[in-house]
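For reference, the structure is listed below as structure tokens.
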Amino acid sequence: MPRVVVSVDFERRWGVYHRLGLNRDAYRAHLENTQPVVSGLLELFAARNIRATWAAVGALACRNWDEYFARAPRPPAYQNPALAISPRYAELDRDGHLHFAPDLLRMVHATPGQELGTHTFSHILMGEPGVTAQDVKADLEAVTRLSRQRFGAAPVSLVFPRNQIAFLEVTRACGIRMWRGNEIGWYYDCNETSRSRPVARARRLLDALNPWTRHASLPECDMTRATLFLRTNLPGAAWALHRARIRNELAALQPSQVFHIWWHDHNLGVDTRRRMARVAQILDMFAERCARGQLVSANMNDLLPVQHQATAPPVEVQRARQ
């Protein structure tokens, strides 16, 4: 049976700090609506029995900056120093509103069918010059410690920040059992800050709008390849093409293929009502096919053999630990 996997890169400002730097107001409107976006998505998923993986930046589980700096390992010695987390970010967001969301993570974790995966502890950009295996190991160990304390188990699913796939031996040694790969094509692998070019972005957009593009694939060992990034910000005519791409590819799925769709939390932070309605349109496509027995909804953990799937203590046990 074909499967549909949804993954949400839950990152808040951690996911865009390399672009925003110390600009306090840039992109702020997208980041301030995280609570209604997350609760709204959970409602949409629950109403349609859609399972999903939330690839969350581990730092979101911190309560404040004091806890973050106590837990975070030393940033990598990036060749481009602007990519390192700066202590001055705490001055820009003193209450942590744009960086921390422990209550939202608990909400996700308490919702049936929702998996808490990881997006690393501090959104470490593994493909950038200067990052070492020790940096990656320290980062994922910080995720494991915090996740076990707050949620009773370490994450087993990983989405690489900026889709910079690297250090797989290290991530596997740190307990990662499933990771999201990129779509096939050279223009999906140009994710380093020095290589992300307009031509590559244009090619990705053309794929997203081409109703005849087919990127669904079989799982490859411990990797589930992305099929499509959901673009809820498109103009009306382009959105119709995007929907046609999704509808046609769902109809063409072969047994055991996976249609893996993903987006970021902050993609829905502005024009939220319209963009959430578009998410609902796509989820309805999935739910209708599931109801007809043509498709199975899965999160990334569900793709693992049963004996390797992660389990967590009941919510009541986790609350006692918090």
Positive-end residue of Tyr187, Gly152, Leu140, charge dipole of segment 133-196 with Cβ unit charges: Gly152
Rounded to 10°, Cα long-axis angle of helix 236-251 versus longest principal axis of the chain: 70 degrees
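Is the C-alpha gyration tensor of segment 100-214 telling us rounded, prolate or oblate? Criteria: a/c under 1.5 is rounded; beyond that, a/b larger than b/c is prolate, otherwise oblate.
Values: a/c = 2.34, a/b = 1.47, b/c = 1.60.
Oblate shape, in that a/c is at least 1.5 and b/c is the bigger or equal ratio.
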5 angstrom amide H check on Val296, placed H, neighbours 5+ away: Arg3, Val4
Cα gyration tensor category, rounded, prolate or oblate, for the chain with a/c compared to 1.5: rounded
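I need the trypsin sites (Lys or Arg not before Pro) found in segment 76-158, filtered to DSSP loop residues with at most 11 other beta carbons within 10 Å of theirs. Don't skip to the answer; put the middle values down first.
Working: sites: Arg88, Arg94, Arg106, Lys137, Arg145, Arg148, Arg150; in loops: Arg88, Arg94.
Passing sites in segment 76-158 are Arg88, Arg94.
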Dipole-positive endmost among Ala90, His123, Trp14 within segment 1-128 (Cβ charges, Cα centre): His123
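So if R0 is 45 Å, what FRET efficiency would Thr213 and Arg74 give, r being the distance between their Cβ atoms, rounded to the nearest 0.05? All intermediate terms of the calculation are to be shown ahead of the outcome.
Values: r = 42 Å, r/R0 = 0.93.
Efficiency for this residue pair is about 0.60.
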Three-way shape label, segment 163-300, alpha-carbon gyration tensor, a/c 1.5: oblate
Cys221 paired with Asn64, simple spin-label distance in nm, labels 7 Å along Cα-to-beta-carbon: 4.5 nm
For Val170, net neighbour charge (Lys/Arg +1, Asp/Glu -1) across residues whose Cβ lies under 12 Å away: -2
Heavy-atom accessible surface of the chain: percent carbon and sulfur, 1.4 Å: 52 percent
Calculated from backbone phi, Karplus (6.51, -1.76, 1.60) coupling profile of segment 274-289 in Hz, x at Gly/Pro: 5, 5, 5, 4, 5, 4, 4, 4, 6, 4, 4, 4, 5, 4, 5, 5
Cβ-based net charge around Arg94, under 12 Å, with every Lys or Arg adding one and every Asp or Glu removing one: -2
With Cα atoms, 0 to 90° folded angle of helix 133-151 axis to the chain main axis: 80 degrees
For Val108, net neighbour charge (Lys/Arg +1, Asp/Glu -1) across residues whose Cβ lies under 14 Å away: -2
Computed label-point distance, nm, for sites Arg203 and Arg243 using a 7 Å Cα→Cβ extension: 3.0 nm
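Quick check for me: using +1 on Lys/Arg Cβ and -1 on Asp/Glu Cβ, what's the dipole size of segment 1-127 about its Cα centre, in debye to the nearest 20? Could the numbers behind the result be given before it?
Working: 14 positive and 12 negative charges, 46 e Å.
Dipole size: approximately 220 debye.
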Principal-axis tilt of helix 34-48 within the chain, Cα atoms, nearest 10 degrees: 40 degrees
Only Lys, Arg (+1) and Asp, Glu (-1) charged, at Cβ; the chain dipole about Cα centre in debye: 520 debye
Other-chain or far-sequence residues with amide H under 5 Å of Ala56's (modelled H): Phe10, Gly117, Thr118, His119
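How much accessible area per residue does segment 1-99 have, in Å², with a 1.4 Å probe?
44 Å²
The values are calculated or read from the model by the stated rules, or taken from the named source; none is laboratory data. Worth saying up front: this structure is predicted, and the values here are computed from it rather than measured. Reconstructed Cβ throughout: ideal geometry from the backbone, glycine too, with neighbour counts over all protein chains shown. Side chains included, ligands, DNA and RNA excluded: accessible areas come from the protein's heavy atoms. Shrake-Rupley method; radii C 1.70, N 1.55, O 1.52, S 1.80 Å.
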